[in-house]
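One structure is given below, encoded as structure tokens.
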């Protein structure tokens with residue numbers, strides 16, 4: 001399984017026409033104002049792979065069936081979690097630069113984050129890099145845990161060609177094996193996504209790096225051209241190795257590159273105008289209006305809540321002061337308690353600070 005990291009919100013549309021297979025999904029939850037959806041083909045592929053794990057014919061399993069099922073389900077659950085965290089990385093990266101992130105789709109080829117970063121190189125670079133950085137953190141934490149647990153630096157699978165195999169021969173306990181699975185799956189996803197082939201993260205990083213040097217259209221044409229070549233190479237590899245998954249990745253990658261190239265040309269044909277993240281025309285393509293991100297909106301919301309609490313507290317104090325002044329008018333200062341005198345003193349100091 002490979003993560004095709006993020007897509008522009010308008011690439012497949014938000015109306016979910018069911019004639020588009022990418023929309024055959026269902027919602028399983030919502031976190032940080034982001035919908036999490038699972039494609040039905042992800043479930044079907046998981047069931048198919050699980051069946052393939054089962055012993056065939058007269059082959060007697062060398063390990064208990066329950067352990068086979070546990071390893072299979074556990075590995076899929078770990079993969080699901082790592083892909084989800086990777087996509088949340090893209091979403092948070094997009095929001096950090098003032099963009100929008102609305103949805104994550106988990107499907108057979110990995111994950112798709114529906115994001116709309118501002119149309120500039122830095123915003124696209126931050127949005128893209130944030131995903132692989134999640135895998136870097138996961139691998140780093142797992143590496144430290146593996147070394148601390150086993151006492152051997154060679155227990156970590158440093159070799160990118162064998163992301164699940166420790167560098168040094170070592171007998172692992174059950175817990176250490178599971179930790180190695182987390183590391184290996186995250187490492188594998190990181191390595192695949194760093195390939196400089198659009199639409200993988202590596203290809204998007206290349207396009208964002210070329211953007212200020214060659215312009216948006218030229219950078220996109222170059223990146224998607226490399227992506228198409230890479231898709232053809234992956235497809236040929238899939239044919240030679242009889243790996244249907246590689247063929248699926250190649251087809252999807254080629255179509256995505258072709259769509260992205262067409263969109264870049266269409267945007268360029270309109271000059272300074274273009275499409276916004278929701279498919280509508282924007283007045284300034286190069287300098288779109290910046291919208292507050294998730295964390296900025298959260299900060300504003302907390303500030304508003306604090307202001308409301310301060311306003312309610314002030315209203316309560318003013319009401320108490322009015323009561324105390326009425327009491328003074330009726331019975332004199334001597335009738336006030338120590339607490340009431342303190343309220344008057346604090347209010348007097350507050351008024352003086354306002355007037356000074």
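Computed from the coordinates by the stated procedures, all read-outs in this text should not be read as laboratory data. Computed from a prediction, not measured in an experiment: that's the story for all the values here. Please note: Cβ atoms are built from the backbone with ideal geometry, for glycine as well, and neighbour counts cover all protein chains shown.
Mean projected area of the Cα convex hull of the stretch 61-107, taken over all directions, amounts to 3.9 nm². Annotation: peptides 84-94, 254-264, ranked by per-residue average of other Cβ atoms within 10 Å with the highest first, follow the order 84-94, 254-264.
Spin-label model, residue 50 to residue 35: label points 7 Å out along the Cα-to-beta-carbon direction sit 2.6 nm apart.
Ranked by the mean number of other Cβ atoms within 10 Å of their residues, highest first, the peptides 302-308, 160-166, 41-47, 192-198 come out as 192-198, 41-47, 160-166, 302-308. Legend: Rg and Dmax of the stretch 295-355, from Cα coordinates, 16.1, 54 Å. Converting the Cα gyration tensor eigenvalues of the stretch 123-218 into ellipsoid dimensions via √(5λ) gives semi-axes, longest first, of 34, 12, 9 Å.
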